[in-house]
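Data block below; observations after.
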């Protein structure tokens, strides 16, 4: 049986392997910290990617900032952490397919790499803005990759991972870019090929954000810069310009088909003359071009039935050249008025429309409410103004409706007040969809002077979870018949250090005298459920999968996704227990290192599975 690695993907090793597959001559060996390892010969790689001799460092277009290289390393470095289930804070833990994850989103995104790789249809984030007052995530660039793995990115001595982006450095862009860049690199891998990411931002970083996204997703994958009006004009503007708008940048992963658009209003289409081609509307027959610009479209139009002549307008010529216009007249597509001072019109038939939708406007004024809408909704649901700067529900409704259908997964890794989760549930209630949400939020403490803290919310996560609970209940109460099967639950998972003891990862740094006390490689305070979720992460099994706890030969066995994965962390497994589990024929079967009762059972383990379920992949913790 193989050992589970029990830490996130080392994307550096993965990237080196990809380069080696393409350019094997560019990967060599070198000693790093005394260990022989594969490394990239970048000089050779540069030459492989150039059609001229590479000599020296020529000037070129690039987008960079201090610590950018360290930011890339941070995104690639693996971590030894896990997600621990919290059943008591969840809603419908056993049956829901929604997730609420508490923890630093950089680490969470790393943990989700195998499980949700290419499975997320849409990401929406509303990251901290660089205004000089907001929090930014402080990531540690001082450690090398080995130290980062060993220390697992722990909090500092005071438990801080957030720092105030004060005026002293808040107007500089470096801190903000170092925060957002590695998170976007990791987020891209989670998107499906037809997936899309929306990012809310204001004027302070919109230019830099677009450059970062162009680099991460590819400039060719930029979709649109959407604009929405967030407030009414302010009389307090010092320069007499009120900045009332914000942006939502949109990039695709690769193969986005397009926005759904807005359904056309076809009520004006009629058929007063019983035209066999069906309902039609009279439409303009001219274009906004002058006679000097389009001389072949500047002519007097003659009605062949009456001989009446309709003069062209020198500032707005006919839409068609004479040959095309003649064909349209023959097909009876032109309507000639009695009065020659009026313009002829063309028939546009409903059944000839190229699309039943109007394009989605990048200026979302009539579709999205102001920030006051967000404040009002939170007040109504939570009975208090407990969250500042939340995005309006209508914004998320519009975005999700445009690009998400059926059972798509929607991710928000700056969840805040959980507006995205609320929108997913509401849209599912409206159209019967089965969309699933994954919310990620660091448990940032609320200000002790705030209404939220006084109401009992000690951190932002508590606000978000309570909003989902109450919003889901309200949605079901408003339409009980239509929403009886609506999933308004969520599994709460909390980021924590790995379940494995330190010796599992850093034996070379462990004092040999402690081995006398080490009978387990798993921390004493970890439950079987904790181990199960770390196994699911390691094997890439969806964290929303159905979980059943069954008894086999007196032992507690977890059955995930109807037996796809089975795990038993009890002790003293006998031959009879192993055989009973093998007869279930799971794809994966996982046990603890010390689960086997005797050496005899251990010796028989593989033979038992070879007999009853030879295709089962067996692994141990």
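Here, each number is a calculation from the coordinates, and none is a lab measurement. These numbers were taken from a predicted model, which means no experiment stands behind them. Glycine also receives a Cβ, built like all others from the backbone with ideal geometry; neighbour counts cover every protein chain displayed.
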For 23, 558, 413, what's the fewest-to-most ordering of other Cβ within 10 Å of each Cβ? 23, 558, 413
For the range 280-354 the mean separation of alpha carbon contacts under 8 Å (6+ apart) over residue count, i.e. relative contact order in percent, is 38
Could you work out how much longer the chain between residue 335 and residue 29 gets when fully extended? Use 0.36 nm per residue separation minus the Cα distance between them, nm to one decimal. 102.3 nm
Please give the helix 419-431 orientation as an angle from the longest Cα principal axis of the chain, in degrees from 0 to 90, rounded to the nearest 10. 60
In deg cm²/dmol, rounded to 500, what helix-only [θ] at 222 nm does the chain give when every DSSP H run of at least 4 residues adds -39500 (n - 2.57) and the total is split over its residues? -8500 deg cm²/dmol
Treat each spin label as a single point 7 Å out from the Cα along the C-beta direction, and report the residue 15 to residue 260 distance in nm. 3.7
Using alpha carbon coordinates only, what is the Rg to Rh ratio of the range 247-339, with Rh defined as the Kirkwood radius? 1.14
Taking neighbour Cβ counts within 10 Å as the exposure measure, how do 345, 425 sort from fewest upward? 345, 425
Quick one: what Rg and Dmax do you get for the chain from the alpha carbons, in Å? 30.9, 110
As a percent rounded to 5, the proportion of antiparallel DSSP bridges among beta bridges in the chain is 65
Added length on full extension, which subtracts the Cα-Cα distance from 0.36 nm per residue, residue 372 to residue 64: 107.2 nm
Determine the relative contact order of the range 514-620: mean sequence separation of Cα pairs under 8 Å and six or more apart, normalised by residue count, in whole percent. 21
Between residue 556 and residue 202, with labels modelled 7 Å along Cα→Cβ, what's the label distance in nm to one decimal, could you check? 4.9
Kirkwood Rh, Cα Rg: Rg to Rh for the range 514-620? 0.96
Taking the Cα-to-Cβ direction at residue 407 and at residue 474 and moving 7 Å from each Cα, how far apart do the two end points lie in nm? 3.0
What ranking do 3, 252 get, fewest neighbouring Cβ atoms within 10 angstrom at the top? 3, 252
